[in-house]
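The values are calculated or read from the model by the stated rules, or taken from the named source; none is laboratory data. All figures in this text were calculated on a predicted structure; none of them were measured in a lab. Here the Cβ positions follow ideal geometry from the backbone for every residue, glycine too, while neighbour counts run over all protein chains shown.
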Amino acid sequence: MKTETVLCITALTGACFAQSDAETSIWERERLAGDLFGVRNTLGSHGMDLRLEATNFYHGDLDGSGPEQLEFGGKLDLFFAMDGQKAGLWPGLFLNVHGEYRYGDASAQAGALTPVNAALISPRDSDDVFAFTNVVLTQAFSESVLLSVGKFNTIDLADRIFLGGRGVEGFMNTSFVAPPIAGRTIPISTLGAILSVLDEGKPLFNIGVLDSRSPLTGSGFDGLDDDEMTFLADYTFYTKIGGLDGTHTISGSYSTIDAFSLDANDYLRPPTGPGIIPTRQGDSWQLTYTFEQFLCQDSSDPKKGWGIFGILAVSDGNPNPFETSAVLGLAANGVNGSRPNDNFGVGFFWNGVSSDLKKTVRPIARVQDEYGVEIFYDAEIFPWFRVGADIQWVRPVLANNDDAIFGGLRTRVIF
């Protein structure tokens, strides 16, 4: 199997087999704990890697209809990856595990429908809780065909060059991390199977089936029911404009889910109360176009540079609370030569609330489309320690609520 194909599989599965930095200065090593007294070197020799990340937030509602206070919260992310061949099993086998422990308070929503801190909605948006949100086995049948099965963390799957980031790096608002137009039928963590096709080591085409109902804090290994299945597919085009890389992805999903229009889900908490009569709706679909285009690109590292990005999406609008969604922004991975590992981004998002949802909640609330702007800067202090600042202006979905400003700091340590 060619090296570039193995690297692509590694990226798809989230695996990262780090070399030992036991002899590196504590200020220069990639991970604070270094080689863990030889443990990582031993694991690495058997095709395994263990990584722990701790991200803390001091973030909240600075102005609006919320409590106008900063709150502390955070999460620990545990990653384990295995290359089956190096572990003594068989070629082409990969295992990827992601465990999450969430603690503290989430930012007050101030009437916003889309969570402003994506990191703190998984494994649950409140309380202290731990769960394995990703346990996936991948088998490469050739240099271009892979099959992955297990429990998927779909926020991990949404990671891109300028978008994604799980909320612990890059943008924090869910609209940029994992666009919520698909959140009604594609949970954060759920069972499924995905077949992937590569082209010269790059992801080209994916098709899969997922459970529409989320077993976030449980195993979920009770099988798929025919009335709660989501079928999804995407195709990616690769372009070069002026020698600069760009990607264009068309994706869509169809779900057999049978649900009420006001059912809460992993991403969203629609308004509810006395006098509301929710409608029950079967099946749901959505289509999404996503692009990223570099404006300048580091010749030594093609993932670094400045670029623009955008998302356009449409859905059936019931039971999905959004009919349309759009995102547009500018971001940088590596701000300049003196700050090559700092990240920056500014983006606008707009989520068009479905007419069905507006009619349903009219007895208790006037609902409007939700949109906003987010700006962040994430600075590398040491390779294993980052500090970021984030501010968001949001016009919330509840029309009687004031426009809200959210902001704060976050720190991230890689052990």
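Structure values in brief
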| read-out | value |
| --- | --- |
| Check on Ser148, crowded, with 22+ Cβ neighbours inside 10 Å and part of a strand (DSSP E or B) | yes |
| Residue that is farthest from Glu100 (Cα to Cα) [pool: residues in the range 31-52 that are part of a loop (DSSP other than H, G, I, E, B) and touching a strand residue (DSSP E or B) at 6+ places or on another chain (Cβ under 7 Å)] | Gly47 |
| First in the range 29-47 and closer than 29 Å to Pro91 by Cα, second anywhere and in a helix (DSSP H, G or I) and among the aliphatic types (A, V, I, L, M), Cβ under 9 Å, 6 or more apart | Leu36/Leu43 |
| Filtered residues of the range 358-389 (kept if within 14 Å of Arg412 (Cα to Cα) and of a type outside the set (A, V, I, L, M, F, W, C)) | Tyr377, Asp378, Glu380, Pro383, Arg386, Gly388 |
| Hits in the range 162-183 (condition: under 19 Å from Tyr289 (Cβ atoms), assigned to a loop (DSSP other than H, G, I, E, B) and either of a type outside the set (A, V, I, L, M) or modelled with pLDDT of 95 or more (or both)) | Phe162, Leu163, Gly164, Phe171, Pro179, Gly183 |
| Candidate set from the range 364-402 (those that are more than 30 Å from Arg51 (Cα to Cα), of a type in the set (D, E, K, R) and touching a Phe, Trp or Tyr at 6+ places or on another chain (Cβ under 7 Å)); member that is surrounded by the most Cβ atoms within 10 Å (Cβ to Cβ) | Arg395 |
| Residue within the range 126-135 that is surrounded by fewer than 24 Cβ atoms within 10 Å (Cβ to Cβ), of a type outside the set (Phe, Trp, Tyr) and within 9 Å of the chain's Cα centre (by Cα) present | no |
| Ser189, sole failed condition from (1) crowded, with 19+ Cβ neighbours inside 10 Å; (2) of a type in the set (Gly, Ala, Ser); (3) modelled with pLDDT of 95 or more; (4) within 20 Å of the chain's Cα centre (by Cα) | (3) |
| Number of positions in the range 64-109 that are free of Cβ contacts under 8 Å to residues at least 12 places away in the same chain and at positive phi | 1 |
| Residue match in the range 56-63 (condition: of a type outside the set (Gly, Ala, Ser), crowded, with 17+ Cβ neighbours inside 10 Å and free of Cβ contacts under 8 Å to residues at least 24 places away in the same chain) | no |
| Residue in the range 284-295 that is at pLDDT 95 or above, touching a Leu at 6+ places or on another chain (Cβ under 8 Å), under 22 Å from Phe348 (Cβ atoms) and among the aliphatic types (A, V, I, L, M) present | yes |
| Single residue of Gly170, Gly150, Gly183 found to be touching a residue at least 60 places away in the same chain (Cβ under 8 Å) and over 27 Å from Asp245 (Cβ atoms) | Gly183 |
| Whichever residue in the range 53-99 is among the small types (Gly, Ala, Ser) and part of a strand (DSSP E or B) and, among such residues, is modelled with the lowest pLDDT | Gly60 |
| Test for Leu204: is it modelled with pLDDT of 95 or more, hydrophobic (A, V, I, L, M, F, W, C), touching a helix residue (DSSP H, G or I) at 6+ places or on another chain (Cβ under 9 Å) and assigned to a strand (DSSP E or B) | no |
| Residue that is nearest to the chain's Cα centre (by Cα) [pool: residues in the range 226-245 that are closer than 21 Å to Phe294 by Cβ and surrounded by fewer than 16 Cβ atoms within 10 Å (Cβ to Cβ)] | Tyr235 |
| Residue that is of a type outside the set (Gly, Ala, Ser) and out of contact with any strand residue (DSSP E or B) (no Cβ under 8 Å at 6 or more places or on another chain), where the choices are Pro179, Pro115 | Pro115 |
| Residue ranges of strands (runs of 3 or more DSSP E) in the range 325-415 with at least 1 members closer than 16 Å to Thr114 by Cα and free of Cβ contacts under 8 Å to residues at least 40 places away in the same chain | 343-353, 370-382, 385-395 |
| Residue match in the range 302-315 (condition: crowded, with 18+ Cβ neighbours inside 10 Å, under 23 Å from Asn117 (Cα atoms), of a type in the set (D, E, K, R) and under 23 Å from the mean Cα position of the chain (by Cα)) | no |
